[in-house]
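What follows is a short report on a single structure.
The values are calculated or read from the model by the stated rules, or taken from the named source; none is laboratory data. These numbers were taken from a predicted model, which means no experiment stands behind them. Reconstructed Cβ throughout: ideal geometry from the backbone, glycine too, with neighbour counts over all protein chains shown. Only protein heavy atoms, including side chains, enter the accessible area calculation; ligands, DNA and RNA are left aside. Shrake-Rupley method; radii C 1.70, N 1.55, O 1.52, S 1.80 Å.
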Amino acid sequence: MATKTDLDSFRDPKLARELLDAIERLARGKNVNLMEVCGTHTVSIARYGLRSAMPEGVHLLSGPGCPVCVTSNHDIDTMIALARIPDVIVTTFGDMIRVPGSSTTLGAERAQGRDVRVVYSPLDALAFARENPPRRVFFLGGGFETTTPAIGATILTAHDEGLGNFFVYSAHKRTPPAIMAIEDDPETQVNGFILPGHVSTITGLAPYRPLAERYHVPGVVSGFEPVDILSAIARLLAQIDEGQARIENAYERGVLDEGNVVAQRMIDRVFEPCDATWRGLGVIPGSGSAIRPEFADHDAARAFSPDVEPTVEPRGCRCGDVLRGVIAPDRCPLFGRACTAEHPVGPCMVSSEGSCAAYFRYQEHSR
Amino acid sequence: MCLAVPSKIVSIDDGGIAQIDVLGVRRDCSVRLTPNAKPGDYVLVHAGFAIQVVEEQEADETLRLLQEMSDRELAEITGQQGADAPAGEPAAAPAAAR
Ligand code: SF4
């Protein structure tokens, strides 16, 4: 796929053309930064060359939407320390095991003989716990609101079954507080947010409202198709043009305005908001999900206190600035030289949803 | 990682575990978060849980997008080759350029 935008590859080239015309018209005389905060949007924008299709004055930034990229080194080091406890089984999602901590990765620990297993669902981890009663099984959880209810339901099942050997390490994050943190960041100026799709399937629109009300910045929930993203961009520009700031839903096919209420209740039942450290953004109040004391028996963070190595960030890596939209990936001095998809230095290149990986794979250039 | 994969529910057992069809592959998923889902419905599935009932058209469109993705992205998102037995290193990242 080339960087040049090939409209004919879109499902609906005519609609794409109309949307681009509208964007061009609405962009006249403006200079705006629009940020997406969803790894799948990052990949779609890069794959379909949407960044270079934008008229002058419309800049598409990539924010903290890649779950493993925003996980702090300290959290990864803690996961690795848990994996080193003798005779445990640790389970996690595929992306997590390649992410470098301060000195090693979960994958490298596995090569050293630790029992690290990649699972598709936390329910698979639960099955390991049932089948191996003398061994302790950890699920290392990261990710946003799309993932959190599944982990919550799994903890609840373990609790109900009295599975004393099942533990979760929760590095789960909440998206809306991170968006507000970006707005508070003096180094980044974002005039509108392309809001995530399947995260919003869970949360609905309400948690984003402070963005419009407090910061007077519009947000539009977008689907993943290129025309979905173009239409979200056009709606953001239309709001900016009118001096409006509303939270709109341009992905009604996958997102109800109220979200998935059952899943929201599941999050609230098992987790409580806590302060969490994000790579690049630092500590954001209320942006994490800690397991409630009622389920402390399944909380790896409470039940174990392994020795965690001192945090060392990858040398020269500017992931933190990339995640805040302060620099584009190709402005990192290591990009494409010391840091490539084959030999990634930082998490933004390791994860396929990372901005650096998307830029690298689709050979994007900032302007 | 935050992309949910559209799937069709084939059947649901008494324990709330549904048999689903994801891109032609049979899998299990929990319908605990979508208590109204029934066999024949299309659902968005993430990490082994259905998170939303959707129209067939939405399912088709998202699936089309998925099929355009590279094998590696697809494997990661659907977890089809991502999940594994304890032995062995994960496959190295394939060459990025195309
Ligand atoms: S290009 Fe590599 S080293 Fe530079 S910010 Fe991205 S991941 Fe870090």
Label model pair residue A:216, residue B:67: point-to-point distance (7 angstrom along the Cα→beta-carbon line) in nm is 4.8
Hey, which aspartates and glutamates would be in cross-link range of residue A:30, C-alpha to C-alpha under 14 Å, not counting anything within fewer than 8 residues on its own chain? A:56, A:241, A:242
Selection from A:46, A:125, A:23 lying farthest towards where the dipole of chain A points positive, charges on Cβ: A:46
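Stretch residue A:87-residue A:294 to full length: gain in nm at 0.36 nm per residue minus the Cα-Cα span? Could the numbers behind the result be given before it?
Values: separation 207, 0.36 × 207 = 74.52 nm, distance 2.65 nm.
Residue separation times 0.36 nm, minus the Cα-Cα distance, leaves 71.9 nm.
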Looking at the protein assembly as shown only, what percent of DSSP beta bridges run antiparallel? Nearest 5 please. 45
Evaluate the distance, in nm, between pseudo-label points positioned 7 Å from the Cα of residue A:338 and of residue B:55 along their respective Cα→Cβ axes. 5.2
FRET efficiency for residue B:23 and residue A:8 from the Cβ-Cβ distance with R0 = 22 Å, rounded to 0.05, comes out at 0.30
Applying the Karplus parametrisation 6.51 cos²θ - 1.76 cosθ + 1.60 with θ = phi - 60° to the phi angles of the stretch A:183-188, what ³J(HN,Hα) value in whole Hz is obtained for each residue in order, glycine and proline being reported as x? 5, 6, 6, x, 7, 10
Please give the helix A:73-83 orientation as an angle from the longest Cα principal axis of chain A, in degrees from 0 to 90, rounded to the nearest 10. 30
About its Cα centre, how strong a charge dipole does the protein assembly as shown have in debye, to the nearest 20, once Lys and Arg get +1 and Asp and Glu get -1 at the Cβ? 740
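Taking R0 as 35 Å, what FRET efficiency do you get between residue A:269 and residue A:33 from their Cβ-Cβ distance, rounded to the nearest 0.05?
Values: r = 38 Å, r/R0 = 1.08.
In this case the efficiency is close to 0.40.
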Compute the FRET efficiency between residue A:257 and residue A:102 as 1/(1 + (r/R0)^6), taking r as their Cβ-Cβ distance and R0 = 45 Å, and round to the nearest 0.05. 0.60
Once you've got the GNM for chain A with C-alpha springs shorter than 10 Å, pick whichever of A:48, A:215, A:169 has the biggest mean-square fluctuation. A:215
Helix A:13-27 sits at what angle to the longest principal axis of chain A, using alpha carbons and giving 0 to 90 degrees rounded to 10? 80
Accessible area of residue A:59 in the full protein assembly, 1.4 Å probe (Å², nearest 10): 70
Can you spot the aspartates and glutamates whose alpha carbon is less than 18 Å from residue B:38's alpha carbon? Ignore those fewer than 8 places along the same chain. B:13, B:14, B:21, B:28, B:55, B:56, B:58
Rough spin-label spacing in nm, given labels placed 7 Å along Cα→Cβ, for residue B:14 and residue A:305: 4.6
Interface burial for A against B (accessible surface, 1.4 Å probe, total of both chains, Å², rounded to 100): 4500
